[in-house]
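Asks: Okay, handing you the structure first.
The values are calculated or read from the model by the stated rules, or taken from the named source; none is laboratory data. Note that the structure is a prediction, hence the values are computed from the model and not measured. Cβ coordinates were reconstructed from backbone atoms using ideal geometry, including for glycine residues, and neighbour counts include every protein chain displayed. To get the accessible areas, we keep the full protein, side chains included, count just its heavy atoms, and leave off ligands, DNA and RNA. Shrake-Rupley method; radii C 1.70, N 1.55, O 1.52, S 1.80 Å.
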Amino acid sequence: MANLKDIRKRIGTIESIRQVTRAMKLVAAAKLRRAQSNMEQARPYAGRINGVLKHLLPDIDRNTHQLLTMRPAKKKAFVVFTSDRGLCGSFNTNILKQARTIIDAVGKDQAQLICIGRKGYEFFNKRGYDVVEHYADFWNELNFSHAVKMAEAVTSRYLAGEYDDVRVIYNQFKNVAQQKIAEFHYLPLVLEEDDEVITQDYLFEPSKDEVVTALIPRHLNIQMWRFLLESNASEQAARMTSMEAATENAGDLIDRLRLEYNKARQAAITTEILEVVSGAEALVE
Amino acid sequence: MAAQFQLEIITPTQVFDEGAVDYLRAPGVDGAFGVLAGHTAAIMALAVGEIKVVKGSAETTYAATQGFAEITENGVQLLVESAEHKADIDLKRAQDAYDRAMDHLSHKHDEAVDEARAEIALKRAINRLKVAGK
């Protein structure tokens, strides 16, 4: 049986770890709320831009806009969203595993990577993938200008012909308990068809073509912003869930150790009494 | 009372609901245009510039960046990447951005992309300073 002092020490250690995990859970919950409200706020803007583009695209000759032109996809680029920090369950592991499978299917030499978040950069860089761009240390002060910067960087490389096709791999935020890894076709721009009929007849100023030209970068920016927000919300949700589990496990462990501690204490007392009694009896004789 | 229309300024991070307004002046790509109630349905590309809203005798200005205006019979929605109320503009930040962009442009860089970016940054900074200075 372990000695009393050791058990007491272990209980102390686990208690302080439990404090840390509990604090992390609370912080993640607060950040998650902020991320969710950001997502809420971005929705009307994203929805309108999407709506207008959908309305316009069928009338536009794809070949007149470089960002719409389908070119033979010889070189592909992948934008992978991960977090900067760990302790968020299998959040990063899952997405990296899946991203790797997707990228390896294309061929390691045909793929260029843009890693958003430190974990992804470390993972792919170490394994010799061609990481052309990476971003880290911004998640805490995430704002729209980050999205603009990333979208512009990805787009300008595309326009320079460094790659012909861009896919985004990110964690989609379903709800607090559920994040789904999703793949999105970022460039050239494709919009899912839906049956939303816009009957409104618009006047376009200066012209339809120019409105589209102005709209496409706006659309790419807001999409990038959406990926950032969803990935951020997913990360915080994953962290919250895993830290909650960790806190609970620490509690279980403490309960078990307490039981063991009490048993050891009892045993020690019993032994001592036995010694005293037998000692006294020896004197009487 | 003159006819009014509903105006909303929508950005990725915020929605300014102006409610019923009398007049709007927005910076179109080919120059500023005005909107009154009963305007024909239109979609107009917007440049970096100043948005002016008149409500009765009150007047509000915003410094806005690129986007577009959607005008329907129900009202006007301005979708811009950022809009700042005149009173909220951080003058020092705008001045810093202005200096940075100027500095960037005066030292020749070989990358055309960088230059284009700096030019847009400069436009935004000038616009902010202009709106705030009024």
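Asks: Going through the range A:140-178 one residue at a time, which ones are at pLDDT below 90, away from chain B (no Cβ under 12 Å) and closer than 20 Å to A:Gln41 by Cα?
Replies: The answer is A:Asn140, A:Glu141, A:Lys174, A:Asn175, A:Val176.
Asks: Consider B:Val53 against the criteria (1) more than 8 Å from chain A (Cβ to nearest Cβ); (2) within 12 Å of the chain's Cα centre (by Cα); (3) closer than 29 Å to A:Met224 by Cα: it satisfies all of them except one. Which criterion is unmet?
Replies: Unmet for B:Val53, out of (1) more than 8 Å from chain A (Cβ to nearest Cβ); (2) within 12 Å of the chain's Cα centre (by Cα); (3) closer than 29 Å to A:Met224 by Cα: (3).
Asks: While we're looking at this one, here's another question. Could you please give the count of residues in the range B:61-94 that are over 23 Å from A:Ile49 (Cα atoms) and either in a loop (DSSP other than H, G, I, E, B) or at pLDDT 90 or above (or both)?
Replies: Total satisfying the criteria: 3.
Asks: Evaluate the following for A:Arg22: is it of a type outside the set (Ser, Thr, Tyr), in contact with a helix residue (DSSP H, G or I) (Cβ under 6 Å, 6 or more places away or on another chain) and more than 13 Å from chain B (Cβ to nearest Cβ)? Give the steps one after another, and end with the answer.
Replies: Numbers: of a type outside the set (Ser, Thr, Tyr): yes; in contact with a helix residue (DSSP H, G or I) (Cβ under 6 Å, 6 or more places away or on another chain): yes; more than 13 Å from chain B (Cβ to nearest Cβ): yes.
Criteria met by A:Arg22.
Asks: Kindly indicate the residue of the range B:1-21 that is farther than 26 Å from A:Ala214 by Cα and open to solvent by 30 Å² or more (accessible area, probe 1.4 Å) and also farthest from the other protein chains (Cβ to nearest Cβ) among those meeting that condition.
Replies: Taking the candidates together, the pick is B:Met1.
Asks: Given the options B:Ala101, B:Ala63, B:Ala94, B:Ala125, name the one that is in contact (Cβ under 8 Å) with a residue 12 or more places away in the chain, surrounded by 20 or more Cβ atoms within 10 Å (Cβ to Cβ), under 18 Å from B:Ile10 (Cα atoms) and not acidic (Asp, Glu).
Replies: Working: B:Ala101 fails: under 18 Å from B:Ile10 (Cα atoms); B:Ala94 fails: under 18 Å from B:Ile10 (Cα atoms); B:Ala125 fails: under 18 Å from B:Ile10 (Cα atoms).
Answer to the check: B:Ala63.
Asks: Can you give me the number of residues within the range A:202-212 that are outside any loop (DSSP other than H, G, I, E, B), at the interface with chain B (Cβ under 8 Å from one of its Cβ atoms) and surrounded by fewer than 19 Cβ atoms within 10 Å (Cβ to Cβ)? Steps first, please.
Replies: Our first condition is that a residue be outside any loop (DSSP other than H, G, I, E, B); within the range A:202-212, this holds for A:203-205, A:208-212.
Still in the list and also at the interface with chain B (Cβ under 8 Å from one of its Cβ atoms): A:203-205, A:210-211.
Then keep just the ones that are surrounded by fewer than 19 Cβ atoms within 10 Å (Cβ to Cβ); that gives A:203-204, A:210.
Residues in the range A:202-212 being outside any loop (DSSP other than H, G, I, E, B), at the interface with chain B (Cβ under 8 Å from one of its Cβ atoms) and surrounded by fewer than 19 Cβ atoms within 10 Å (Cβ to Cβ): 3 in total.
Asks: Taking the criterion of being of a type in the set (Phe, Trp, Tyr) and closer than 24 Å to A:His146 by Cα, would at least one residue in the range B:33-51 satisfy it?
Replies: Our first condition is that a residue be of a type in the set (Phe, Trp, Tyr); within the range B:33-51, this holds for B:33.
Retained after the next criterion (residues that are closer than 24 Å to A:His146 by Cα): none.
Among the residues of the range B:33-51, not one is of a type in the set (Phe, Trp, Tyr) and closer than 24 Å to A:His146 by Cα, which makes the answer no.
Asks: If you don't mind, another one. Report, by residue number, each residue of the range B:38-60 that is open to solvent by 40 Å² or more (accessible area, probe 1.4 Å) and hydrophobic (A, V, I, L, M, F, W, C).
Replies: Within the range B:38-60, just B:Ala58 meets the criteria.
Asks: Taking the condition of being open to solvent by 40 Å² or more (accessible area, probe 1.4 Å) and in a helix (DSSP H, G or I), how many residues in the range A:156-166 meet it?
Replies: Qualifying residue count, the range A:156-166: 2.
Asks: While we're looking at this one, here's another question. Taking the condition β-branched (Val, Ile, Thr), open to solvent by less than 20 Å² (accessible area, probe 1.4 Å), within 12 Å of the chain's Cα centre (by Cα) and over 19 Å from A:Pro217 (Cβ atoms), does A:Ile169 pass?
Replies: When the stated conditions are applied, A:Ile169 passes them.
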